[in-house]
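In what follows, a structure is listed as structure tokens, so that the remarks can point back to it.
The values are calculated or read from the model by the stated rules, or taken from the named source; none is laboratory data. Keep in mind that what you see is a predicted model, and the values were worked out from it rather than measured. All Cβ positions, even for glycine, are placed from backbone atoms using ideal geometry, and neighbour counts span all protein chains on display. The accessibility values were calculated without ligands, DNA or RNA, using every heavy atom of the protein model including side chains. Shrake-Rupley method; radii C 1.70, N 1.55, O 1.52, S 1.80 Å.
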Number of protein chains: 2
Amino acid sequence: MRIIIIGVGNLATHLSLALQSAGNEIVQVYSRTIDSASSLAAKLDVPFTNQVSEINPNADLYIYALSDDVLESFVQNSIAPDAIHVHTAGSVSIDIFKNYKENYGVFYPLQTFSKIKPVDFSNIPLFIEASNDAALQKLSKLATSISKNVYQINSEQRLKLHIAGVFANNFVNHLYKLASDIATSADIPFDAIKPLIMETAEKIQILRPEESQTGPAKRNDLKVLEKHRELLKNDDEILKLYNQLSDMILKSYQG
Amino acid sequence: MRIIIIGVGNLATHLSLALQSAGNEIVQVYSRTIDSASSLAAKLDVPFTNQVSEINPNADLYIYALSDDVLESFVQNSIAPDAIHVHTAGSVSIDIFKNYKENYGVFYPLQTFSKIKPVDFSNIPLFIEASNDAALQKLSKLATSISKNVYQINSEQRLKLHIAGVFANNFVNHLYKLASDIATSADIPFDAIKPLIMETAEKIQILRPEESQTGPAKRNDLKVLEKHRELLKNDDEILKLYNQLSDMILKSYQG
């Protein structure tokens with residue numbers, strides 16, 4: 001499959017490298033910024049451009065790995081009308097292509113990508129959706145060439161999945177931040193909490209969340225909850241969050 | 001060091017096995033319930049009892065791995081007045097021993113223990129505190145025999161650390177639960193989110209929480225936040241939590 005990569009962010013970078021490694025042909029990289037385009041193109045050893053008019057029209061698949069706002073206007077460019085066009089966004093409907101393309105879809109990897117940390121794409125779940133069966137078959141084949149876990153879902157399911165991802169990643173990371181702040185305020189380095197964080201994530205790989213829940217709220221230990229609230233009483237925001245999460249856990253387990 | 005283990009929960013089990021493996025002598029196991037006492041004692045191949053009066057008085061160290069409530073009354077038993085007595089609780093002051101013992105302290109591992117999952121104690125941070133220097137030296141030596149990360153902190157620091165642990169483990173696990181519920185409501189199996197959970201924990205081992213934060217709230221993407229709120233509007237509790245965490249992240253990054 002001959003593929004054009006539109007966008008050069010972390011997702012575009014990791015995805016295009018994985019696709020190339022799996023034997024797919026990356027034909028060209030596009031970015032508005034010539035330096036970014038050239039930088040990713042160099043990693044892939046392929047041509048690049050920052051001009052929409054110079055995007056190669058002879059590829060089979062155009063992957064739009066763009067921010068939601070840019071995506072909305074970019075899909076309106078009339079490039080390669082017979083090819084398949086997909087975006088990679090969690091919260092954008094497949095219908096964004098409706099008035100502009102014939103064959104289109106979504107190619108959504110559920111993962112958090114960073115510049116400095118390599119990822120093993122074979123473990124990343126891929127969620128695909130397409131406007132017609134032929135496109136779906138091609139996306140499915142492409143997805144299984146790089147990942148062991150490929151799911152076909154619609155745009156509403158994907159939006160819910162994206163929210164689940166916000167809870168499991170964005171919000172969890174913010175709790176790490178708060179844990180770090182609280183430890184640091186007691187002159188304890190964040191490093192001391194990292195093994196607990198790792199074990200918490202490892203436990204959930206083999207236990208259901210209900211089985212792995214522990215702590216004072218779970219065991220209805222009101223004395224400990226009171227001690228914690230007393231210590232947090234000078235920080236309204238943290239106390240509010242502590243109370244809300246504790247109440248949700250108390251309710252789940254005490255009925 | 002000759003050690004008596006009082007209590008037979010997950011912490012007592014993992015800790016006593018680690019201490020024994022490191023060459024320390026577990027002399028006896030005590031539990032109120034004879035079956036539980038016998039079960040842990042069998043793993044250690046040592047004697048056990050469910051009678052306080054039969055607890056061996058000739059050990060060097062008594063480790064009280066009990067729930068906070070039971071601990072409070074148990075420390076009042078006058079066993080082995082010259083030995084060292086420690087508890088393993090995050091939110092209980094060292095002073096609980098004050099009126100009843102001479103040499104005492106705290107031996108607190110920051111980790112979540114489960115019955116079925118073995119843990120490598122060498123990576124678990126241990127937090128120690130003692131009533132006098134001689135006791136502190138002995139606890140320090142014991143702690144370093146099983147862990148690479150030993151910290152000396154006081155009871156107030158430990159209480160804060162326990163709160164940090166509640167955020168990093170108990171609350172994070174509850175977010176996993178919510179993510180699981182949301183995914184399941186869209187007919188997507190929780191398994192599909194597990195790689196994201198793992199990567200989130202792995203990233204934080206090498207990046208600071210501020211560096212690893214991603215998502216719509218971080219990048220001030222109000223359109224996506226609005227889509228998510230719209231989908232969550234029928235669940236007050238989840239929506240409230242979504243808004244609160246998003247607002248905290250928005251505020252952190254938009255100033």
Handout entry: region B:47-104 - residue that is over 22 Å from residue B:36 (Cβ atoms) and assigned to a strand (DSSP E or B) and, of those, farthest from the other protein chains (Cβ to nearest Cβ)
Key = B:103
Problem - Test for residue A:188: is it under 16 Å from the mean Cα position of the chain (by Cα), outside any helix (DSSP H, G or I) and among the aliphatic types (A, V, I, L, M) - result: no
Completion exercise
Only unsatisfied item for residue A:254, checking (1) of a type outside the set (Lys, Arg); (2) surrounded by fewer than 16 Cβ atoms within 10 Å (Cβ to Cβ); (3) in contact (Cβ under 8 Å) with a residue 12 or more places away in the chain; (4) within 22 Å of residue B:215 (Cα to Cα), is (4)
Handout entry: Complete set of residues in region A:27-77 that are loosely packed, with under 15 Cβ neighbours inside 10 Å and aliphatic (A, V, I, L, M)
Key = A:34, A:42, A:52, A:70
Exercise for the section: Please specify each residue of region A:235-247 satisfying the condition of being free of Cβ contacts under 8 Å to residues at least 60 places away in the same chain and either open to solvent by 60 Å² or more (accessible area, probe 1.4 Å) or at the interface with chain B (Cβ under 7 Å from one of its Cβ atoms) (or both). Expected result: A:235, A:236, A:237, A:240, A:244, A:245, A:247
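Would you pick out the residues in region B:2-23 that are assigned to a loop (DSSP other than H, G, I, E, B) and either buried (at least 18 other Cβ atoms within 10 Å of the Cβ) or among the charged types (D, E, K, R) (or both)?
To start, the set of residues in region B:2-23 that are assigned to a loop (DSSP other than H, G, I, E, B) comprises B:7-9, B:22-23.
Matches in region B:2-23: B:7, B:8.
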Completion exercise
Flagged in region A:190-205 as open to solvent by 10 Å² or more (accessible area, probe 1.4 Å), farther than 17 Å from residue B:109 by Cβ and either more than 7 Å from chain B (Cβ to nearest Cβ) or among the small types (Gly, Ala, Ser) (or both), in numbering order, are A:190
Problem - Sole exception among (1) hydrophobic (A, V, I, L, M, F, W, C); (2) open to solvent by 30 Å² or more (accessible area, probe 1.4 Å); (3) part of a strand (DSSP E or B) for residue A:119, by number - result: (3)
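Being in contact with a helix residue (DSSP H, G or I) (Cβ under 8 Å, 6 or more places away or on another chain), open to solvent by less than 30 Å² (accessible area, probe 1.4 Å) and more than 8 Å from chain A (Cβ to nearest Cβ) narrows it down to one residue among B:232, B:225; which is it?
Only one candidate passes the filter, namely B:225.
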Practice task
Considering every residue within region A:49-70, establish whether at least one is in contact with a Leu (Cβ under 6 Å, 6 or more places away or on another chain), more than 23 Å from residue A:140 (Cβ to Cβ) and of a type in the set (Val, Ile, Thr).
Solution key: no
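The rows are residues; the columns are (1) modelled with pLDDT of 95 or more; (2) open to solvent by less than 10 Å² (accessible area, probe 1.4 Å); (3) more than 10 Å from every other protein chain (Cβ to nearest Cβ); (4) more than 20 Å from residue A:85 (Cα to Cα).
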residue: A:129; (1), (2), (3), (4): yes, no, yes, no
residue: A:141; (1), (2), (3), (4): yes, no, yes, no
residue: A:149; (1), (2), (3), (4): yes, no, no, yes
residue: A:155; (1), (2), (3), (4): yes, no, yes, no
residue: A:167; (1), (2), (3), (4): yes, yes, no, yes
residue: A:172; (1), (2), (3), (4): yes, yes, no, yes
Handout entry: Failed condition for residue B:217, given (1) touching a helix residue (DSSP H, G or I) at 6+ places or on another chain (Cβ under 7 Å); (2) open to solvent by 60 Å² or more (accessible area, probe 1.4 Å)
Key = (2)
